[in-house]
Amino acid sequence: MSRYLLIHLHDAFKKLQESLDNVNRIIANSDLPVWLPEPFEQDRQMAADAITECWNQDKKTYPLTGVVCVATEHLQAFTDANFCKSEFKKEIHKIKKASDKEKSNLAVIIESVAKGRDDEVAQAMKSLRISRLNLLWCYRQIMVLPPAMDSLSWTWANAHKSITPITHEKVKTLINEIITDDNDKEMMQGIIEQYHAHQLMRVKKVAPHLRANIAFFEGNLITRKIITTPTVIVSQDATLPRIRWPDKEVKNTRLTRSDVKLNPVPIIKSLGIYTYLADR
């Protein structure tokens with residue numbers, strides 16, 4: 001069974017590489033416009049590399065974001081690459097589930113699964129240079145903007161944490177999925193039962209990131225959306241939209257309600273589960 005998991009992972013990654021190589025060629029070989037923020041030059045090859053890179057880089061630096069125009073007849077290549085990304089992610093998750101070292105890095109996980117297998121499979125896995133892979137880059141979908149773009153305006157999201165409501169059933173599911181010790185599971189399930197009448201919130205740390213406010217035409221009307229742009233994004237228009245780049249990072253000035261506050265003490269620290277002070 002482990003042999004087949006490794007073979008499927010190897011095949012999925014080779015397909016991902018091939019699809020990203022194709023996307024890289026399409027972007028780099030076009031003469032349509034590109035925009036990258038300073039200090040980067042308006043270089044389509046740089047945009048192509050930023051979008052398709054899978055390996056951790058010690059010296060090369062990529063732009064945080066940007067936009068590159070691509071002819072509509074090439075859009076299928078981006079759909080294919082995104083499909084390969086999803087398939088590769090599925091195979092990685094299968095490997096992690098099959099390993100007894102699920103919390104380790106990927107190279108250790110694969111070695112634990114491959115241990116005692118034939119040399120052919122072992123050598124094939126080594127050829128992938130798994131230890132150098134940046135899985136977040138492998139997983140992230142290539143974002144293609146809607147057609148008929150009007151404007152693209154970036155802002156910094158500086159919130160240090162996200163706070164979202166979570167149901168009691170979802171917390172119980174997280175406990176079963178993440179917590180390995182049976183005694184800890186039982187204790188946490190008991191805590192959740194004690195707070196059955198309270199609104200639960202999950203708090204996660206969030207690094208500062210760029211968000212783009214996009215505006216595009218749908219018929220004669222303009223539609224506006226906010227998107228997150230982890231790397232250079234793709235426009236299917238032949239010309240760039242109006243672009244606004246923030247002059248500098250601006251501190252988050254969003255007001256908070258004084259009458260609704262989280263209790264600073266979590267009820268389940270390891271999962272970031274909190275309640276409101278008014279609920280205690």
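The values are calculated or read from the model by the stated rules, or taken from the named source; none is laboratory data. Values in this document were obtained by computation on a predicted structure and should not be read as measured data. Cβ coordinates were reconstructed from backbone atoms using ideal geometry, including for glycine residues, and neighbour counts include every protein chain displayed.
Residue-by-condition table, conditions (1) basic (K, R); (2) within 20 Å of Q141 (Cα to Cα); (3) outside the structural domain of K89 (by TED's automatic domain parsing); (4) within 21 Å of the chain's Cα centre (by Cα):
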site: D11; (1), (2), (3), (4): no, yes, no, no
site: L20; (1), (2), (3), (4): no, yes, no, yes
site: I26; (1), (2), (3), (4): no, yes, no, no
site: N29; (1), (2), (3), (4): no, no, no, no
site: A48; (1), (2), (3), (4): no, yes, no, yes
site: K60; (1), (2), (3), (4): yes, no, no, yes
Reported set for segment 210-242 where residues are of a type in the set (K, R) and surrounded by 12 or more Cβ atoms within 10 Å (Cβ to Cβ) is R211
From the list L200, L174, exactly one residue is in contact with a strand residue (DSSP E or B) (Cβ under 7 Å, 6 or more places away or on another chain) and surrounded by 11 or more Cβ atoms within 10 Å (Cβ to Cβ). Which is it?
L200
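Filtering segment 48-77 down to residues that are charged (D, E, K, R) and not in a loop (DSSP other than H, G, I, E, B), which residue is surrounded by the most Cβ atoms within 10 Å (Cβ to Cβ)?
Applying the filter and picking the extreme gives D49.
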Give me a count of the residues in segment 1-47 that are in a helix (DSSP H, G or I), over 18 Å from V67 (Cα atoms) and of a type outside the set (D, E, K, R).
14
